[in-house]
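Only one structure is covered here, and it is reproduced in the block below.
The values are calculated or read from the model by the stated rules, or taken from the named source; none is laboratory data. Given the structure is predicted, the values throughout are model-derived calculations rather than measurements. Ideal geometry is used to build each Cβ from the backbone, glycine not excepted, and the neighbour counts take in all protein chains shown.
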Amino acid sequence: MNILITGTAGFIGNSLANRLLEQGHSVYGIDSINDYYDVSLKLDRLRTSGIVHPEPGKATRSEKYEQYTFCQTDLCDTAALNELFASERFDCVVNLAAQAGVRYSLTHPESYIQSNIAGFANLLETCKRHHQEKIVYASSSSVYGNNANVPFKETDRVDHPVSLYAASKKSNELMAYTYSQLYQIKTIGLRFFTVYGPWGRPDMAPMLFARSIQENKTIRVFNNGKLSRDFTYIDDIVTGIEKIVTTPGIRREDVPGVPATIYNIGHGSPVRLMDFIHELEKNMGKEARKEFVGMQAGDVYQTWADTSRLQADYGYTPGISLETGITRFIEWFKNYHHENTK
């Protein structure tokens, strides 16, 4: 297959690109490489797949995989997207490019409107113009807000987001549905649940906490630790996406006649925040200095994925326990931290 992945300098995008390349697929990756967090981490991720010294607007061939090409491109660049789709025929488009982060959306709302809404609209319109048949895109568990019914099901109402980030992801689902309804483009939205693991984002709890423990700094524990998250290891997430991308013939329609559907993709077992911290402490070999604080604006109390729909359609069964996942993550963290402090 020939697959376009947006956001391949990001956590999930890079991991997915490497997996598909190892399976022999051809991948074209794009990413704006913005400075929301340390650009060096994004460039280091790209190097794992053989992309060295990328330049804006210039296609770079991988030094590791002959079937991998990367270009530093923004989703809002209409001309660049049209040129790409005119020169390549993709079996599937996977949109993982987005402005991430719930808390950042409180102070930088314009970034979410530009990237998550305008950028996704531009991608959908380009796909329509070039008769792209299948799009898989990232949504988020944040669309559930403070839903009290657990586990979260795809059929639950998601009309009350508690952050602009969540609202932008709900907007993506509505936009994708509209293009499916109007133009019969098959769209598959994935509501990700707290993804963690090697090469993870530095603004998320696993990396923030590990770095603070390493440097003997205090970690802020929101809502006095009374939170729970459906932590999902990156390999399980990538396996799920790979199944969706490469499996032909499955056509679930949330509304009959409209080739659009939504899936939860998580571990399916929530973990209390304090248990997660204790697991990190065990693997780091030291106790975290903790400051217990109130609830953070835009945050939610719990997440818990019902993954039965994804399991029924694609055989998705997450297999990495929290204990195994944290062990692998901390091994990577220590090695990466060591290499970057020489």
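This table checks each residue for (1) without any contact (Cβ under 8 Å) to a residue 60 or more places away in the chain; (2) buried (at least 23 other Cβ atoms within 10 Å of the Cβ); (3) farther than 19 Å from THR261 by Cβ.
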site: ARG103; (1), (2), (3): no, no, yes
site: HIS108; (1), (2), (3): yes, no, yes
site: ILE113; (1), (2), (3): yes, no, yes
site: ALA121; (1), (2), (3): yes, no, yes
site: ARG129; (1), (2), (3): yes, no, yes
site: GLU133; (1), (2), (3): yes, no, no
site: VAL136; (1), (2), (3): no, no, no
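Checked against (1) of a type outside the set (Lys, Arg); (2) over 18 Å from GLU154 (Cα atoms); (3) buried (at least 19 other Cβ atoms within 10 Å of the Cβ), THR232 passes all but a single condition, namely (2). Pull up region 200-218, narrow it to residues that are among the aliphatic types (A, V, I, L, M) and buried (at least 18 other Cβ atoms within 10 Å of the Cβ), then point me to the one that is nearest to ASP44 (Cα to Cα). Filtering first and then ranking leaves MET207.
Selection of region 255-271 for residues being over 23 Å from ASP235 (Cβ atoms), under 22 Å from the mean Cα position of the chain (by Cα) and either modelled with pLDDT under 95 or among the aliphatic types (A, V, I, L, M) (or both) yields only ALA260.
Of all residue pairs spaced 6 or more apart or on separate chains, those with beta-carbon atoms under 8 Å, a first member in region 64-92 that is among the small types (Gly, Ala, Ser) and a second member that is part of a strand (DSSP E or B) are ALA80/CYS71. The single condition among (1) in contact with a Ser or Thr (Cβ under 7 Å, 6 or more places away or on another chain); (2) within 22 Å of THR246 (Cα to Cα) that THR8 does not meet is (1).
What do you reckon, is ASP203 under 30 Å from LEU280 (Cβ atoms), in contact with a His (Cβ under 9 Å, 6 or more places away or on another chain), of a type outside the set (S, T, N, Q) and in contact (Cβ under 8 Å) with a residue 24 or more places away in the chain? Criteria not met by ASP203.
Residue pairs whose Cβ atoms lie under 6 Å apart, separated by 6 or more positions or on different chains, with the first residue in region 248-265 and under 12 Å from LEU174 (Cα atoms) and the second in a strand (DSSP E or B), are ALA260/THR187; THR261/ILE188; ILE262/GLY189.
Inside region 293-342, residues that are in contact with an Asp or Glu (Cβ under 7 Å, 6 or more places away or on another chain) and surrounded by fewer than 15 Cβ atoms within 10 Å (Cβ to Cβ) make up a count of 2.
Give the residue that is nearest to LEU20 (Cα to Cα), with candidates limited to residues of region 232-255 that are out of contact with any helix residue (DSSP H, G or I) (no Cβ under 7 Å at 6 or more places or on another chain) and in a strand (DSSP E or B). Per the criteria, the residue is THR232. Candidates GLN114, GLN132: the one that is part of a loop (DSSP other than H, G, I, E, B) and polar (S, T, N, Q) is GLN132.
Any residue in region 214-224 that is more than 20 Å from SER15 (Cα to Cα) and basic (Lys, Arg)? Yes, there is a match, as at least one residue in region 214-224 is more than 20 Å from SER15 (Cα to Cα) and basic (Lys, Arg). In region 1-110, counting only helices (runs of 4 or more DSSP H) that sit wholly within it, the ones holding 3 or more residues that are within 17 Å of ILE135 (Cα to Cα) and either at pLDDT below 95 or not aromatic (Phe, Trp, Tyr) (or both) span 11-22, 78-87. Tallying residues that are surrounded by fewer than 22 Cβ atoms within 10 Å (Cβ to Cβ) and either touching a strand residue (DSSP E or B) at 6+ places or on another chain (Cβ under 9 Å) or touching a residue at least 60 places away in the same chain (Cβ under 8 Å) (or both) within region 165-174 yields 2. Evaluating GLY189 against the criteria (1) loosely packed, with under 15 Cβ neighbours inside 10 Å; (2) touching a helix residue (DSSP H, G or I) at 6+ places or on another chain (Cβ under 9 Å) leaves one unmet condition, (1). For region 213-231, a tally of residues being under 17 Å from PHE292 (Cα atoms), of a type outside the set (Ser, Thr, Tyr) and either free of Cβ contacts under 8 Å to residues at least 60 places away in the same chain or not in a helix (DSSP H, G or I) (or both) returns 7.
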